[in-house]
Amino acid sequence: MHPANIRLGKAIAQVILCVAVITQVTACFPLVAGGAAAGGAVAADRRTSGFYVEDESIELKAFKYVETNLGEFAHVNITSYNRNVLLTGEVPDEAAKAKTLAYVKSIANVREVTDEIVIGPKSSISSRSNDTYLTSKIKTKFVTENKFQANYVKVVTENSVVYLLGIVTKTEADDAVEIARNTDGVDKVVKVFEYMN
C-alpha cells in the first residue's frame, strides 16, 4: 500500500477513535453532533485533540464530584484547558473547599489547579446572568477587534471577575487582557494562560 494511503488511513482511524471517546465522555450528545462540535473546537484552539478529550473528561469527573458531594449547597465551575484546571464559584465552608480541591488534584492527568473558589453563599441567578453577559461581550470584542484568533483565549467570568485561559503568545495575552479590562462591568482580570515559547 502507498505510504500516503497508510497515513490517511491512520488519520481517519484517529478521528473515529476521538469521536467515539468524546461521545462516551459527554454521553449526552449524539455521535454526529459530538464529533462535529469536538472537531470544530479542536481545530479552533491550540490544544491537541488528545488534550481536548482529557480536558472534557477532567471537567466531567470534577462536576460529578461536586454535584454528588456538595449538591445544592455549592456553586462550583470547573474549567480545564490543556489539563490546567480553574475552579471558581462558592462553597459553604473550608472543609468543602479543601475536599473539592483535593479531589480535583487527584484526577488523572491534571497538571495544575488554580483555586479561585470562595467560601460563602451561592451567587444569585442575576449575578450569574451578568457573568454570562460579560463573557459574551468580551468574546464579541475579541472577534471585532481581531487582534488574535478569538478561540485561542477561553473566557470564564465569576462575580464580574474575568479569567482568561489559553495557550498564547505574550502579545496575544496582553491584547486579551486589555480588551477584557476595558469591557464595561468587569471588576478584575485574572490571567491563567500557558505561554508559547
In the range 136-168, which residue that is of a type in the set (Val, Ile, Thr) and farther than 20 Å from TYR52 by Cβ is nearest to the chain's Cα centre (by Cα)?
THR157
Against the condition more than 16 Å from ARG83 (Cα to Cα), in contact with a Lys or Arg (Cβ under 7 Å, 6 or more places away or on another chain) and hydrophobic (A, V, I, L, M, F, W, C), how does ALA173 come out, does it pass?
yes
Those residues of the range 122-140 which are within 24 Å of ASP93 (Cβ to Cβ) and either surrounded by fewer than 12 Cβ atoms within 10 Å (Cβ to Cβ) or among the acidic types (Asp, Glu) (or both) amount to SER124, ILE125, ASP131
I'd like the residue in the range 101-117 that is hydrophobic (A, V, I, L, M, F, W, C) and in contact (Cβ under 8 Å) with a residue 40 or more places away in the chain and, out of all such residues, is nearest to ASN159 (Cα to Cα).
ILE117
Check TYR163, TYR195 and return the single one that is touching a strand residue (DSSP E or B) at 6+ places or on another chain (Cβ under 8 Å), aromatic (Phe, Trp, Tyr) and either free of Cβ contacts under 8 Å to residues at least 24 places away in the same chain or under 20 Å from THR140 (Cβ atoms) (or both).
TYR163
Of all residues in the range 115-168, how many are in a strand (DSSP E or B) and of a type in the set (Phe, Trp, Tyr)?
1
Among (1) touching a helix residue (DSSP H, G or I) at 6+ places or on another chain (Cβ under 8 Å); (2) free of Cβ contacts under 8 Å to residues at least 60 places away in the same chain; (3) under 20 Å from TYR163 (Cβ atoms), TYR65 falls short only on (3)
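Where a number appears in this text, it was derived from the coordinates with a stated rule and is not lab data. Keep in mind the model is a prediction, meaning the values are calculated, not measured. As a convention, Cβ positions derive from the backbone with ideal geometry for all residues, glycine included, and neighbour counts pool all protein chains shown.
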